[in-house]
Amino acid sequence: MDHKAAKRRKLTDKSLPNVILQNPDFAEDSQMYQSLLEMERKLDWTITRKRMEIQDTLSRNPSTTRTLRIFVSHTVSGQSWQAGTESDNLTHSETGENIPAWQLKIEGRLLELPQRGKDKGPPRKFSTFIKRMMVEFDRDTNVYPENNIVEWPRATGHHNPPLDGFTVRRTGDVPTHIRIVMYLDHYPEQYRLNPDLSSVLGIKEESLLGVVQALWNYIKIQGLQDKADRRLVRSDERLRAIFGVETIPFQKLPEYVKRLLSPPDPILLHYSFDPSLPVVEPERPTAWDVEIKMEDAALKNRMGVMLHTNKETSVALAKMDEEIALLAQSLHNSHLKRTFLQSFADDPAKFIQTWLESQSRDLESVLGAGASEGLTLRQEELRRSEFFRLPWVEEAVSVQEGLRLASKGM
């Protein structure tokens, strides 16, 4: 039972004794109350179970597949077609002015989901989606012997902050072909499956958990779980050729799967340009769309809201708790009235005698020095009291006699 349900139960228990257990007759006449209690138990159990499921999902961080759009473009400077007069064509090696050069830009961003609209919060930097990247320049090594490979390994720390993009500047005026090798940072981490296992499961790249789940589905469909010992998996012809064993303990499935996993293939991008050719119009960046698995922050936030109620919900629940406590107190008072009247109906004479004795004790407590002294002083007075000569006494005696005769007749 969750906190709110426990609090509600505590409030009602303070006002309402367990009349159901103490009074079987009352319980038989209170089927609606019992139904409400049963409904409350089911509701509390369902809420608790759903909360546990959400907490388990949050502990594993839900993931989703998004589209990352990568842009590659270039700009040039100091090229012959950009020069003006002959004086402007003079190059200055010390300052780098008028030396033919070009700049390569690699940028990227996530595409918005149509059904969600814009993501809440600041967008992630492009560099946070990349584990490692290499940029290779296909140029004549005799003319440009150095700096033809640029590598960027991601590292944490203030010296390597997140970036919106990368810019590489090189000198030259010859056609250049560029090859970009990019290793994406998936969440959860992705692996490439062994070709034989991939053909069995029908997947090429997946997380470790996804591969184990797919393998378990294959085992259930093929009926490979041992009938006597459910902890063992019997290999069929295809699994035997892959794992090389006849039986696999269920708890060792991840260990066997890991042996057949390898890092995923990188993203390869090819880009070519000729800086010596004049550009009539600004060229648009070349774009590629790639899929990347990442944490589903929106789903995580929605599930977190379900676990933490807001102020309005808390106020509404507190108001319901108070109403339940008042109704429980009203039910308790009604039960006391019913018990009072039922005891009078069962034996009016005994009821009156008990009631009078109770009133007498209360009166002695108020007027007398003690119970025994008060009774001694007023015993004769009580016996001769005009109270017992009132008309209702004869009516009560008649009712009692009628009930007695009716019970004998039955």
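Overview of values
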| item | result |
| --- | --- |
| Projected label distance in nm at residue 259 and residue 113, using a 7 Å step from Cα toward the beta-carbon | 3.9 nm |
| Cβ-based exposure ranking for 252, 105, in which fewest neighbours within 10 Å come first | 252, 105 |
| Gained length - residue 314 relative to residue 167, 0.36 nm times residue gap less alpha-carbon distance | 47.7 nm |
| Gain in span if fully extended, residue 208 to residue 326, counting 0.36 nm per residue against the direct Cα distance | 37.0 nm |
| Span per principal axis, largest first, for the Cα atoms of the range 191-262 (Å) | 34, 21, 20 |
| Debye intensity ratio in log₁₀ form over the Cα atoms of the range 222-287, taken at each q of 0.14, 0.21 Å⁻¹ | -0.59, -0.93 |
| Rough spin-label spacing in nm, given labels placed 7 Å along Cα→Cβ, for residue 189 and residue 340 | 7.5 nm |
| Environment charge at residue 250 (Cβ cut-off 15 Å; Lys +1, Arg +1, Asp -1, Glu -1) | +2 |
| Greater than 31 Å apart at Cα, pairs in 131/311; 42/319; 50/227; 131/220 | 131/311; 50/227; 131/220 |
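The numbers here are math on the coordinates, done by the rules we state, and not lab data. Computed from a predicted model, the values in this text were never measured in an experiment. Quick reminder, even Gly has a Cβ in these numbers, built from the backbone with ideal geometry, and neighbours come from all protein chains shown.
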